[in-house]
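Taking it in order: structure first as structure tokens, then the write-up.
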Amino acid sequence: MTTEPALRVRGIRKNFGDHAALDGVDLDVADGEVVTVIGPSGSGKSTLIRCVHQLETIDSGAIHLDDELLGHERHRGALRPLSARRVAAQRGRMSMVFQQFHLIPHFTVERNITEAPVRVHGRSREEAETEARALLERVGLADRAGHYPRQLSGGQQQRVAIARAVAARPRVMLFDEPTSALDPELVEEVLGVMRQLAADGMTMVVVTHEIAFAREVADRCVFMEAGRIVESGTPDEMLTNPRTARLRSFLSRHH
Ligand code: ADP
Ligand code: MG
């Protein structure tokens, strides 16, 4: 039996001016799979997941979430862009976690988590609050529900941001270097939460420079350079025995 991937990226290109940020990228992510994306600065990692999340429009190629084409629809044999409203609905099926946590400063931790489920997904406040408390428990912040973001450490704020992302019940979670704004001693608590999500079966694409984490949690790892996926495979084969000189040289600089 073949199962359709949760996420299917085919031949996507994205130019900024005359610079190809993505130069033909293919990526499949199976249901429950964790794919980590590594590569030098400027190689297109953020652009890739921003295109998936419909924060950027692609110039060519196609992205499917389950069987749904993202950003466009077929009309009389041609592709035409979806309305902003329908793109927003598609975006709502995924959650992205950013390097900067982007919590709303004047909302409590709990309200940061309940706001989108109540306002966007139409859940009752009571249901959303019950779920928020369960999520805070899961990320080890059960006692912080009534705090404001400024009262939390960076690691705690990022754990709240992850709880908020999970509250949207995403089909796929996208992470863009979620630990790179953190003091080194706070990195592990955030990676721990992500490790738990992965173990719970969440489908995840994680851009990271934490090579040890990329190796440990990933089912598959991809290495990008200059807008392309240069190498991909299981983390063990790829990170232990890189085939390309470019990955070898990248790893020697990041260990
Ligand atoms: P990475 O996340 O791997 O560091 P990015 O995806 O952010 O790389 O960027 C890939 C390339 O696209 C870089 O050369 C970057 O300068 C360029 N780029 C990204 N976003 C924009 C933008 N909004 N406008 C112009 N160029 C951009
Ligand atoms: Mg980036």
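The values are calculated or read from the model by the stated rules, or taken from the named source; none is laboratory data. Because the structure is predicted, anything quoted here is derived from the model rather than measured. Cβ atoms come from the backbone with ideal geometry, glycine included; neighbour counts cover every protein chain shown. For accessibility, only protein heavy atoms count, side chains too; no ligands or nucleic acids. Shrake-Rupley method; radii C 1.70, N 1.55, O 1.52, S 1.80 Å.
What the table shows:
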{"item": "Selected residue (only one of VAL166, VAL190 is of a type in the set (Val, Ile, Thr), more than 13 Å from the chain's Cα centre (by Cα) and at pLDDT 95 or above)", "result": "VAL190"}
{"item": "From the options LEU70, LEU48, residue that is away from ligand 1 (no atom under 16 Å from the Cβ), out of contact with any Ser or Thr (no Cβ under 6 Å at 6 or more places or on another chain), open to solvent by less than 20 Å² (accessible area, probe 1.4 Å) and within 30 Å of ALA214 (Cα to Cα)", "result": "LEU70"}
{"item": "Residue list for segment 83-114, restricted to those being at pLDDT 95 or above, away from ligand 2 (no atom under 16 Å from the Cβ) and open to solvent by less than 40 Å² (accessible area, probe 1.4 Å)", "result": "VAL87, GLN90, MET94, SER95, LEU103, PHE107, THR108, VAL109, GLU110, ASN112, ILE113, THR114"}
{"item": "ALA21, sole failed condition from (1) of a type in the set (Gly, Ala, Ser); (2) in a strand (DSSP E or B); (3) away from ligand 2 (no atom under 16 Å from the Cβ)", "result": "(3)"}
{"item": "Among the residues listed as LEU186, LEU197, LEU174, LEU251, the single one being in contact with a Leu (Cβ under 8 Å, 6 or more places away or on another chain) and either away from ligand 2 (no atom under 16 Å from the Cβ) or open to solvent by less than 70 Å² (accessible area, probe 1.4 Å) (or both)", "result": "LEU251"}
{"item": "Of the criteria (1) more than 14 Å from ligand 2 (Cβ to nearest atom); (2) closer than 30 Å to LEU239 by Cα; (3) open to solvent by less than 50 Å² (accessible area, probe 1.4 Å), which one THR3 fails", "result": "(3)"}
{"item": "Of all residues in segment 219-241 being under 19 Å from PRO5 (Cα atoms) and assigned to a loop (DSSP other than H, G, I, E, B), the one that is most open to solvent (accessible area, probe 1.4 Å)", "result": "ASP219"}
